[in-house]
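The values are calculated or read from the model by the stated rules, or taken from the named source; none is laboratory data. For clarity, every value in this text was computed on a predicted model and none was experimentally measured. As a convention, Cβ positions derive from the backbone with ideal geometry for all residues, glycine included, and neighbour counts pool all protein chains shown.
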Amino acid sequence: MHGSRTTKFAIGGFRVGFDWSVLIVLGLVAWSLASQVLPGGFPGQSTQAYWIAALAAAGLFLASLVMHELSHAVAAKRVAGVEVEDITFWLFGGVARIRGELPTPRQQLLVAGIGPLTSLTTSPFITLWMANRKKSAGPMRSSTVGRGRSARGCNR
Ligand SMILES: [Zn+2]
């Protein structure tokens with residue numbers, strides 16, 4: 001899953017890697033926004049304007065993914081004192097790998113729950129979308145970037 005074609009950075013004291021497949025996701029997000037969503041919602045603009053807005057939105061999308069995973073990592077380190085191996089972003093989202101297991105169910109709940117909570121509070125787009133919906137939404141990205149996968153990552 002995490003091949004050698006991962007570009008690594010240090011963000012907030014954590015090793016953060018970006019697999020080349022992240023570009024596929026960002027490309028699809030930008031392309032669908034520029035070709036469908038934005039022209040449909042805001043007609044009469046230039047193609048260039050749609051693409052600038054779409055690329056900016058794709059960048060914000062990536063930033064929200066990074067914030068989400070960083071919140072898991074910070075919670076694991078601060079709340080449970082568990083070392084964070086690294087955080088990797090790839091085709092299906094992000095994975096924060098921790099060394100060992102979180103000791104208590106309460107800590108597991110905190111570390112798992114902080115990610116979605118961060119996404120809700122840092123993303124005005126998601127918050128507005130949720131506010132416009134009367135029903136409560138299901139788990140948003142927890143199926144692809146949950147703590148369960150993080151703890152049992154591919155480091156063994
Ligand atoms: Zn998560």
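Observations, loosely collected:
- Among the residues here, Leu91 does not qualify as surrounded by 13 or more Cβ atoms within 10 Å (Cβ to Cβ) and within 15 Å of the ligand (Cβ to nearest atom).
- As a summary of the residue check, Val111 satisfies the conditions (1) modelled with pLDDT of 85 or more; (2) away from the ligand (no atom under 16 Å from the Cβ) except for the one numbered (2).
- Among the candidates Leu128, Leu65, residue that is in a helix (DSSP H, G or I) and modelled with pLDDT under 90: Leu128
- Every residue from the stretch 12-40 that is touching a residue at least 60 places away in the same chain (Cβ under 8 Å) and among the hydrophobic types (A, V, I, L, M, F, W, C): Phe14, Val16, Phe18, Val22, Ile24, Val25
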